[in-house]
Amino acid sequence: MVGMPSRHARLAVLAAAVAVLWGASVLAQETVVVRVKLIQGEVPTDPMAPIWNTIPATEFPMSPQVHWPKRILQVTVKSIKVRGVHNTKQIAFLLEYADPTQDPADAAALEFMVGDKKAHFAHGQPMAQVEGGPVNIWYWRNDAPGAADMNAQGFGTLKKQAQQDVQAKGVWKDEKTKVRFKERKLIPRKDAKGESAKDPKTGDPLFDEETKVVEQDATGVWRVVFTRPLTTTDPNDAQFQLGTFPNIAFAVWDGKKLESGDLKESGSQKAITSWWYFNAEPPTNYSIYFYGLIAVVVAAGVEYVIIRKVRKGQPA
């Protein structure tokens, strides 16, 4: 039907709605899709490689994780910029976010659904909205070399895979920047008896939310690159096809050590996003130009024959 949005456009709108309903902080969102550009040669593994400056970034809001204990109500990282490239064999994502300090336990992760079964972005945990399904998680931490290729299907099931296909590298720079975001304050809701109110269907605690726009100066920026083949032989991995719109989610931990000796963010205490999308740009299909050229040549030939017949006085 003319004027009807595409299936992917409808999914993108739904994703934005889900982000609001499931607690993602709201920023002006120009797009919900990371455009993974097709490049020639090797994909960059260095976060500071010049090619990243030519790739447009998509920015996503981040929120505290409130879906399961231990919860967190305030996080350091309020938004994350994402860039992507591929060369038809390898894919690379660059995550960029403001973090005032470089700490050994600073960490970041990407998450993908595995297979066709829908999964919640909280480790694929079955919830009222979705039945639950397996997820593939790529995890990087500053004090550990490389990356961890992991999978999960529900809270408490996260484990490292036997086959490790992901690589990662992070670079922190003492760089001044401004971060503008909507600060969310989640207040536990109380029932008539003054006790913690819970969702009657899921049993999850209920929260009321207050928001305000805040602009802060940040004095440090992390840039982290993840790389992996588009497809692997591991059934626990998410497999990517060019031109499609797989789901993607992000998580970040501020590993700063507090005076108490505890980490500011660790485990389930982290900044997260809901599901968004990415699209690995397919190679240009030149066949359309080839067939167009054939059509032009045939049309010109027919016209030439008609003109010759008309000039000779023959019926066209």
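The listed residues Arg71, Arg223, once ranked by accessible area (1.4 Å probe) with the largest placed first, stand as Arg71, Arg223. The peptide list 42-48, 271-277, 167-173, put in order of mean Cβ contacts within 10 Å with the highest first, becomes 271-277, 167-173, 42-48.
Shape call for the stretch 145-242 from the C-alpha gyration tensor, a ≥ b ≥ c root eigenvalues: rounded (a/c under 1.5), prolate (a/b greater than b/c) or oblate? Taking the square roots of the gyration eigenvalues as a ≥ b ≥ c, the stretch 145-242 is oblate.
Straight-distance candidates among the aspartates and glutamates for linking to Lys160, with alpha-carbon spacing under 16 Å and chain neighbours fewer than 8 residues away dropped: Glu111, Asp149, Asp234, Asp237. Extension gain, Gln40-Lys178: 0.36 nm per intervening residue step, less the Cα-Cα distance, totals 46.3 nm. Using a Cα distance threshold of under 28 Å, what count of lysine pairs results for the stretch 188-270 when pairs must be 8 or more residues apart or interchain? Counting lysine pairs in the stretch 188-270 gives 17. For Ser260, Ser79, the ranking by accessible surface with the largest value first comes to Ser260, Ser79, using a 1.4 Å probe.
Across Phe245, Phe112, the residue with the most accessible area heads the list, and the full order at a 1.4 Å probe is Phe245, Phe112.
Could you tell me which of rounded, prolate or oblate describes the stretch 76-169, using a ≥ b ≥ c as the square roots of the eigenvalues of the alpha-carbon gyration tensor, with rounded for a/c under 1.5 and, failing that, prolate when a/b is larger than b/c and oblate otherwise? The shape class here is prolate.
The values are calculated or read from the model by the stated rules, or taken from the named source; none is laboratory data. All values reported here derive from a predicted model rather than from experimental measurement. For neighbour counting, all protein chains shown are included, and Cβ atoms are generated from backbone atoms with ideal geometry for every residue, glycine included. To get the accessible areas, we keep the full protein, side chains included, count just its heavy atoms, and leave off ligands, DNA and RNA. Shrake-Rupley method; radii C 1.70, N 1.55, O 1.52, S 1.80 Å.
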